[in-house]
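Remarks on the structure that follows.
The values are calculated or read from the model by the stated rules, or taken from the named source; none is laboratory data. Owing to the predicted nature of the structure, the values given are computational and were not obtained by experimental measurement. Here the Cβ positions follow ideal geometry from the backbone for every residue, glycine too, while neighbour counts run over all protein chains shown.
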Amino acid sequence: MRRDPATRAPDFWATARDFLHSYLPAVRKASPNTVEAYRISLECYIGYLTSQGIARDRIGFDHFNRAHLRTWVAWMNTDKGYAPRTVTLRLTSIRAFLAYAGAEDITLMALRQSATTVKLPTVPRTPIEHLDQDQTRALLAAHTGRTAKSRRNRMILILLYDTAARVGELTSLTVGSLQLVEPAHITLTGKRDKTRVVPLTKGTVEHLRVYLNEFHPDHTHQPADRPLFYSLRQGQPQRLSTDTIASVFTAAADIARPSCPTLPDSVHCHLLRKTKAMDLHQQGVPLPIIMRLLGHENMTTTNAFYAFATIDMMRAAINAATPVTNTPVNPLTEDTIQALHTLR
């Protein structure tokens, strides 16, 4: 770790740059969006310190003690009016940075420990946004398949739902990602280039066979890295962008909404991922299996979203647990009352 030549204290700015530009992208394999989220959190804290009269060139690790962190959290809550989730994200990012700094220099371990004692704000838990069966059915059937583009778009939506894939995972799929013989499955490449194998249902396999015959007629002889979903540019297949997938989803919702007016006005591709996870949860699939399907590294991530039942699930569980009896209720006699209210 770099140190100030005069004081020999750990250099905050050099450590922060190493954290953002070396450790996160190269070691953690964090996406550019994730790196940017950490940078914004660090800038937020620096902005708070400068608002307290501390010059940027004077900021050091001494300003990351518990007292400063606590007043920063209060500043975000009161002065800035940040939502609890935003405050939690900012503080969690600073904790991660201090954990990195503490691992690099043992003299900073105390800062890391003290940061963990700063209480996170309580984030209200809200029901998971997801589609019901009628809405899902209408959305998946929106692209009728009358044109080649429509058939491609229908396959995109079916695969998004069946695999609960992230949009980025879908755009990176290749012909070699598919295994359509039993046991049929697909290999998804998620965050930090980590792969996971997701089983495919028989219905999706049938759709994929039809899709391959039309869009990859010689797929058995094609390079394995040929993009599964593509558009032609100068006669060459180019993988679709995430914006293209988003427009396919939005167009499907617009088509389906007249026949299914309950579809939300604002929709996004992640909605299908949440819907698939909630469908599995409601069917009694254990959370560890849902966790693996979603590609969550930590069980707490899955628990935070899907570990609570919906109102309908709770009502059904309560009804099932409540015994039904037709036995008439006999009135309590004086002797019974005396027997129930005694210390003997």
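Which residue pairs have Cβ atoms under 6 Å apart, sit 6 or more places apart or on different chains, and have a first residue in the range 282-294 that is outside the structural domain of T195 (by TED's automatic domain parsing) and a second that is surrounded by fewer than 17 Cβ atoms within 10 Å (Cβ to Cβ)?
Once the first residue is outside the structural domain of T195 (by TED's automatic domain parsing) and sits in the range 282-294, no partner that is surrounded by fewer than 17 Cβ atoms within 10 Å (Cβ to Cβ) comes close enough.
Condition first: in a helix (DSSP H, G or I) and under 25 Å from the mean Cα position of the chain (by Cα). Now tell me which residues in the range 75-90 satisfy that.
Applying the first criterion (in a helix (DSSP H, G or I)) to the range 75-90 yields 75-78, 84-90.
Selection gives M76, N77, P84, R85, T86, V87, T88, L89, R90.
Which ones in the range 181-205 are surrounded by fewer than 16 Cβ atoms within 10 Å (Cβ to Cβ), under 18 Å from A224 (Cα atoms) and in contact (Cβ under 8 Å) with a residue 24 or more places away in the chain?
Hit for the range 181-205 is D193, nothing else.
Of the residues that make up the range 292-310, is at least one touching a helix residue (DSSP H, G or I) at 6+ places or on another chain (Cβ under 8 Å), at pLDDT 80 or above and exposed (fewer than 11 other Cβ atoms within 10 Å of the Cβ)?
no
Conditions tested, residue by residue: (1) at pLDDT 90 or above; (2) among the aliphatic types (A, V, I, L, M); (3) crowded, with 16+ Cβ neighbours inside 10 Å.
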| residue | (1), (2), (3) |
| --- | --- |
| R85 | no, no, no |
| T92 | yes, no, no |
| G102 | yes, no, yes |
| L108 | yes, yes, yes |
| L111 | yes, yes, yes |
| A115 | yes, yes, yes |
| L120 | no, yes, no |
| E129 | no, no, no |
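Only one residue in Y161, Y230, Y211 is among the aromatic types (F, W, Y), surrounded by 14 or more Cβ atoms within 10 Å (Cβ to Cβ) and touching a strand residue (DSSP E or B) at 6+ places or on another chain (Cβ under 6 Å). Which one?
Going through Y161, Y230, Y211 in turn, just one is among the aromatic types (F, W, Y), surrounded by 14 or more Cβ atoms within 10 Å (Cβ to Cβ) and touching a strand residue (DSSP E or B) at 6+ places or on another chain (Cβ under 6 Å): Y230.
Residue by residue, here is whether (1) modelled with pLDDT under 90; (2) on the phi > 0 side of the Ramachandran plot holds:
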residue: K194; (1), (2): yes, no
residue: N213; (1), (2): no, no
residue: T220; (1), (2): yes, no
residue: P223; (1), (2): yes, no
residue: F229; (1), (2): no, no
residue: G235; (1), (2): yes, yes
residue: R239; (1), (2): no, no
residue: S247; (1), (2): no, no
residue: I255; (1), (2): no, no
